[in-house]
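In what follows, a single structure is set out as structure tokens and then discussed.
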Amino acid sequence: MNSRRRFLTLSALGSLTSLGSLKALAQPKPVKGPVILSTWNPGIRANARAYEVLQNGGSVLDCVEKGVNVIENDPNNRTVGIGGFPDVEGNVTLDACIMDQHQHCGSVAFLQHIKNPVSVARKVMENTKHVMLVGEGALNFALEQGFKKEMLLTEKTLAAWKKRKAELDTKLPEINVENHDTIGMVARDTDGNLSGSCTTSGAGMKLHGRVGDSPIIGAGLYVDNDVGAAAATGWGEAVIENAGSAMVVELMRHGRSPQEACEEIVNRIANKFEDWKSIQVGFIALNKAGQTGAFAIQKGFTYALHKNGENVGHPSDSLLKT
Ligand code: GLY
């Protein structure tokens, strides 16, 4: 090292006398521009729409709502919105929630006949003093707010449901197919503000009346604008039991990277949920600096990341490798 460089290095080190300065050095370099992260491969289309909304001057809340609307509106997606897989009695019942940068949130559960539950959840947040509406009350509220009643069970999904019902006693649910049931999206705008959304038709062949993690704030989704945001997919009961998304955010608050936080909570669930090898649970997480993470129990979980102007699908790392 030449003497001038050594002098500069030593002076830089000399000025790092406090722990605060060292901590500042360890901080990740913030990612510039918007970051949009969502679960599974359909997340790529959702991210593309979400980004477009931001580019057209929409808020980060608009972005996470309109982004996942794309998948809710797709009749060929069996796990969200119209075309979603029915419960054991043949009813399509939807769960969703949304949360913004001001800690405001809205949620609907066990909602039938409305294909965009996440938009109804937003109306609950914005137009009522409540957080959550369920069942018939949620449906009546949606109709009052101008949503259209629709048949959500498509012919294709009905045929798949009949086949599945016939083999129910003999075949276990197919991991990452029947258990991949949710689109969760977390996003950060150029100003660093965060929002998130989560929407699902829930676990295939669930009992009529069953509500999963996706509409439960803190389980399927959590946003804290000071820290970060996280969303979950997979077997909702295991996520609820461990307050999954809230815990991921809490770990980030205490210094974990989004990746470390997702891994720690997946490990915690695996330690506490007896039958963990037969379920899928996955998390995505985003922090204030725009760093992201994803981790799942089973191999096969994928996520979509829109960052630095690129929108790419990625395989997630997992606890079980085969
Ligand atoms: N993760 C969605 C559900 O369990 O319903």
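The values are calculated or read from the model by the stated rules, or taken from the named source; none is laboratory data. Remember, it's a predicted structure, so these values are computed and weren't measured experimentally. Ideal geometry is used to build each Cβ from the backbone, glycine not excepted, and the neighbour counts take in all protein chains shown.
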Name the one entry in ALA229, ALA219 that is in a strand (DSSP E or B) and either within 10 Å of the ligand (Cβ to nearest atom) or in contact (Cβ under 8 Å) with a residue 40 or more places away in the chain (or both).
ALA229
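Quick grid of which residues meet (1) out of contact with any Phe, Trp or Tyr (no Cβ under 6 Å at 6 or more places or on another chain); (2) buried (at least 24 other Cβ atoms within 10 Å of the Cβ):
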| residue | (1), (2) |
| --- | --- |
| TYR51 | yes, no |
| VAL70 | yes, no |
| ILE114 | no, yes |
| VAL118 | yes, yes |
| HIS130 | yes, no |
Do you know which residues across segment 297-322 are closer than 17 Å to PRO42 by Cα, touching a residue at least 40 places away in the same chain (Cβ under 8 Å) and either in contact with a Phe, Trp or Tyr (Cβ under 9 Å, 6 or more places away or on another chain) or buried (at least 16 other Cβ atoms within 10 Å of the Cβ) (or both)?
GLY300, PHE301, THR302, TYR303, ALA304, LEU305, HIS306, LYS307, ASN311, GLY313
I want to confirm something. Restricting to segment 264-282 and keeping residues that are part of a helix (DSSP H, G or I) and within 15 Å of the ligand (Cβ to nearest atom), which single residue is modelled with the lowest pLDDT?
SER278
If we scan segment 240-263, do we find a residue that is within 16 Å of the ligand (Cβ to nearest atom), assigned to a strand (DSSP E or B), crowded, with 24+ Cβ neighbours inside 10 Å and in contact (Cβ under 8 Å) with a residue 12 or more places away in the chain?
no
I need the full set of residues from segment 297-318 which are over 28 Å from GLN55 (Cβ atoms) and among the charged types (D, E, K, R), in order please.
LYS299, ASP317
Contact list please: Cβ distance under 9 Å, first residue in segment 186-210 and within 19 Å of GLY83 (Cα to Cα) and part of a loop (DSSP other than H, G, I, E, B), second residue basic (Lys, Arg) and within 11 Å of the ligand (Cβ to nearest atom), pairs at least six apart or on different chains.
GLY202/ARG210; ALA203/ARG210
Over segment 206-237, the set of residues over 24 Å from VAL120 (Cβ atoms) and surrounded by fewer than 23 Cβ atoms within 10 Å (Cβ to Cβ) is ASP226, VAL227
Could you tell me which of the residues ASN287, ASN267, ASN271 is polar (S, T, N, Q), more than 21 Å from ARG188 (Cβ to Cβ) and touching a strand residue (DSSP E or B) at 6+ places or on another chain (Cβ under 9 Å)?
ASN267
Got a sec? Which of GLY58, GLY67 is among the small types (Gly, Ala, Ser), in contact with a helix residue (DSSP H, G or I) (Cβ under 8 Å, 6 or more places away or on another chain) and in a helix (DSSP H, G or I)?
GLY67
Candidate set: segment 197-212, residues that are out of contact with any Lys or Arg (no Cβ under 7 Å at 6 or more places or on another chain) and more than 10 Å from the ligand (Cβ to nearest atom); chosen: the one farthest from VAL239 (Cα to Cα):
HIS208
